[in-house]
Amino acid sequence: MVSEEGEIRGLLGRNPDRTFTIHRMISSDDVVAVHYHSQANSEDFGFAVVDIFRVEQCQIVEHWDVVQRVPEESANDNTMF
């Protein structure tokens with residue numbers, strides 16, 4: 001089993017130009033959610049991502065995520081961010 005830290009390092013190693021643009025961070029009690037835009041490079045439409053973490057004693061004990069590719073054309077005027 002590869003740790004999440006190892007997975008992130010592998011992702012960044014394969015995509016050194018990847019950017020993560022944070023749009024929102026929300027916390028309530030022991031839960032933190034981060035809404036961000038991940039792009040492999042400046043030409044990539046990328047992914048809209050929400051990571052949700054449950055934290056105990058300053059450590060992540062649970063993690064969930066929602067990932068959706070950003071479309072080239074939107075069906076409406078709403079943005080994903």
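One line per residue, one yes/no per condition, for (1) surrounded by 11 or more Cβ atoms within 10 Å (Cβ to Cβ); (2) in contact with a Pro (Cβ under 7 Å, 6 or more places away or on another chain); (3) assigned to a strand (DSSP E or B); (4) among the β-branched types (Val, Ile, Thr):
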{"site": "10", "(1), (2), (3), (4)": "yes, no, no, no"}
{"site": "34", "(1), (2), (3), (4)": "yes, no, yes, yes"}
{"site": "42", "(1), (2), (3), (4)": "no, no, no, no"}
{"site": "66", "(1), (2), (3), (4)": "yes, no, yes, yes"}
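The condition of being modelled with pLDDT under 95 and under 13 Å from the mean Cα position of the chain (by Cα) holds for only one of 81, 47, that being 81.
Of the listed requirements (1) at pLDDT 95 or above; (2) open to solvent by less than 80 Å² (accessible area, probe 1.4 Å); (3) within 15 Å of the chain's Cα centre (by Cα); (4) not hydrophobic (A, V, I, L, M, F, W, C), residue 28 misses just one: (3).
The values are calculated or read from the model by the stated rules, or taken from the named source; none is laboratory data. Fair warning: this is a prediction, and the values are worked out from it, not measured in the lab. Using ideal geometry, Cβ is built from the backbone for each residue, glycine included, and neighbour counts are taken over all protein chains shown. Just the protein is used for accessible areas: all its heavy atoms, side chains included, with ligands, DNA and RNA removed. Shrake-Rupley method; radii C 1.70, N 1.55, O 1.52, S 1.80 Å.
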